[in-house]
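The values are calculated or read from the model by the stated rules, or taken from the named source; none is laboratory data. All of these numbers come straight from a predicted model, not from anything done at the bench. FYI the Cβ positions are ideal-geometry reconstructions off the backbone, even for glycines, and counts take in every protein chain you see.
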Amino acid sequence: AAAAALGLLPLGKTQSPESLLDIAARKVAEKWPFQQVEERFERIPEPVQRRIVYWSFPRSEKEICMYSSFNTSIEDPTA
């Protein structure tokens, strides 16, 4: 309410803090591939797994295009 009164947020809009689970999952996803996380830890609760996987995927359209493009400069040795 105070932020809205100061004009920092639109009226009627509130901002909730990010959950500790999301913060931790995002940091893990930034540092390690999910496969390494699975191999290192025996039991990972399903909600934690889901959030790590969620944060493992690129967010921007530019990143999605970059990771989904094919490298055509490498020739197929069997051709």
- Message: Restricting to segment 42-79, name every residue that is at pLDDT below 75 and part of a loop (DSSP other than H, G, I, E, B).
- Response: SER69, PHE70, ASN71, THR72, SER73, ILE74, GLU75, ASP76, PRO77, THR78, ALA79
- Task: Only residues that are surrounded by fewer than 10 Cβ atoms within 10 Å (Cβ to Cβ) and either touching a residue at least 12 places away in the same chain (Cβ under 8 Å) or of a type in the set (S, T, N, Q) (or both): list them for segment 15-46, please.
- Result: GLN15, SER16, GLU30, GLN35
- Message: Just to be sure before I move on: is GLU30 modelled with pLDDT of 90 or more, part of a helix (DSSP H, G or I) and more than 16 Å from the chain's Cα centre (by Cα) in the structure I sent?
- Response: no
